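The values are calculated or read from the model by the stated rules, or taken from the named source; none is laboratory data. These figures come from a predicted structure and were not determined experimentally. Cβ placement follows ideal geometry from the backbone for every residue including glycine, while neighbour counts extend to all protein chains displayed. The area values use the complete protein model at the heavy-atom level, side chains included, leaving out ligands, DNA and RNA. Shrake-Rupley method; radii C 1.70, N 1.55, O 1.52, S 1.80 Å.
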Amino acid sequence: SSVMAKSKFEYVRNFELDDTCLRNCYIVVRLDGRNFHKFSEQHNFMKPNDNRALGLMSRSARSVMEELEDITIAYGQSDEFSFVFKRSTTWFKRRASKLMTHVASQFSSSFVYYWKEYFGEHPLLYPPSFDGRVVLYPSNHNLRDYLSWRQADCHINNLYNTAFWTLVQKGGLTTTQAEERLSGTQAADKNEILFSEFNINYNNESPLHKKGTTLIWEKVNETTTKQIKRPDEVETEITVTRTRKKVTSHSCDIIGEQFWEEHPDILES
Ligand code: ATP
Ligand code: ATP
Ligand code: MG
Ligand code: MG
Ligand code: MG
Ligand code: MG
């Protein structure tokens, strides 16, 4: 306030560090749930994938995109979500701590706010939290490799978790036995266990679980009907179509070229 601005205490502001993000770089904020291994057990998440929890994560990420400026794409899997600010953003003067804390707190409060929409009467037992970090990527190539890295991680973890929980839930193994059974196995071995012992073709598993969730802004047509009545005329109904920008959700491959060819405005030159 103006009172503080003139006080003899004002000099302490100079102790604040400059954390302005290098210009021209994409700013990525990645959040990850704190201790969600335990959180998922205490809230009886379905294993390996609880769709209520994945839905709530995406809903919270959408709220981040709608409330904060200049996020062009977000990618999430498990208890994590990454948000990409456009490289030219000047939001909060590109101050890393401001961007990261706004993303983390908007996400956390939304996670609690929308809990009931996804978990119904199943209670939230304590306030969850998410850590955040900021990473800068100077080129489109680096940014795509970052997103590819997270999606590859989703695939590796999901294949492992699918094999692990199938061995436990359908194969009757203890968690320790399932862990031993899978130790040292390659992707091909896990696919083979699923197929030959449980008749599960991993390729047919849900895209949401294999690919995670990508959120982007897209133009969508919205048609609404309006009642119109002019003096001395009967009431008539007209349809109005507007294009609006909306956050849309995709569970598709973002490693290959196709997604980026279909959505050319996400990457800037
Ligand atoms: P910014 O997003 O830049 O922080 P701001 O609107 O939050 O913008 P602040 O300088 O943080 O601005 O000031 C917070 C304002 O919130 C106060 O000026 C006051 O109007 C209001 N406010 C906060 N706490 C209270 C309270 N307990 N009772 C009444 N008003 C409050
Ligand atoms: P840290 O605090 O270090 O992040 P963590 O326990 O959150 O520890 P992570 O590596 O982030 O560990 O892993 C998150 C864990 O949360 C997963 O291994 C899984 O057990 C659980 N989990 C997260 N989302 C889901 C989900 N949708 N369905 C089932 N389990 C989930
Ligand atoms: Mg971790
Ligand atoms: Mg975690
Ligand atoms: Mg995690
Ligand atoms: Mg304030």
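Here are the numbers for the structure shown:
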| quantity | calculated |
| --- | --- |
| Surface accessible to a 1.4 Å probe, per residue, for the residues of the chain, Å² | 60 |
| Taking the C-alpha atoms of segment 1-63, convex hull volume expressed per residue in Å³ | 219 |
| Extension reserve of the Ser196-Leu22 stretch, reckoned as 0.36 nm per residue once the Cα distance is removed | 57.5 nm |
| At R0 = 22 Å, FRET efficiency that the Cβ-Cβ distance of Gln186 and Cys252 yields, to 0.05 | 0.30 |
| Apportionment of accessible area to carbon and sulfur, segment 15-143, percent (1.4 Å) | 51 |
| Segment 52-127: translational diffusion in µm²/s, Stokes-Einstein, Kirkwood Rh over Cα pairs, 10 °C, 1.306 mPa s | 121 |
| Gaussian network model of the chain, springs between alpha carbon atoms under 10 Å - residue of Leu54, Leu125, Leu136 with greatest fluctuation | Leu125 |
| Ellipsoid equivalent to segment 15-143 - semi-axes via the Cα gyration tensor, in Å | 29, 14, 13 |
| Residue-span extension gain [Val112 to Asn204] - 0.36 nm each, minus C-alpha spacing | 29.9 nm |
| Residue of Pro127, Pro138, Pro231 that the Gaussian network model of the chain assigns the largest fluctuation, springs spanning Cα pairs under 10 Å | Pro231 |
| Most fluctuating residue given options Glu66, Glu121, Glu237, as computed from a GNM of the chain linking Cα atoms under 10 Å | Glu237 |
| Whole-number Å³ per residue for the convex hull built on Cα positions in segment 102-256 | 262 |
| For Ser249, residues with placed amide H under 5 Å, excluding near neighbours | none |
| Asp265/Arg13 FRET efficiency (R0 35 Å; Cβ-Cβ; nearest 0.05) | 0.35 |
| Charge dipole of the chain about the Cα centre (unit charges at C-beta), most positive-ward option of Ser109, Ser269, Gln177 | Ser109 |
| Between segment 91-119 and segment 190-251, the Cα center-to-center distance that results, in Å | 24 |
| Phi to ³J(HN,Hα) by Karplus 6.51 cos²θ - 1.76 cosθ + 1.60 over segment 216-232, Hz, x for Gly, Pro | 9, 8, 9, 7, 10, 7, 10, 9, 10, 10, 10, 8, 10, 9, 9, x, 6 |
| Residues with amide H under 5 Å from that of Cys21, placed H, sequence gap 5 or more | Arg95, Ala96 |
| Rounded Å value of the spacing that divides the Cα centres of segment 44-88 and segment 156-185 | 27 |
| FRET efficiency, Lys98 to Ile156 (Cβ-Cβ, R0 22 Å, nearest 0.05) | 0.05 |
| Near-label residues of segment 46-66 by backbone N, under 15 Å of a point 7 Å along Cα→Cβ of Lys170 | 47-49 |
| ³J(HN,Hα), Karplus 6.51/-1.76/1.60, whole Hz, each residue of segment 182-188, x for Gly, Pro | 8, 5, x, 7, 8, 3, 4 |
| Diffusion coefficient, µm² s⁻¹, Stokes-Einstein with Kirkwood Rh over alpha-carbon pairs of the chain at 25 °C and 0.890 mPa s | 113 |
| Proximal aspartates and glutamates relative to Lys245, as straight alpha-carbon distance under 16 Å, when same-chain residues fewer than 8 apart are discounted | Glu66, Glu67, Glu69, Asp70, Glu218, Glu222, Asp265 |
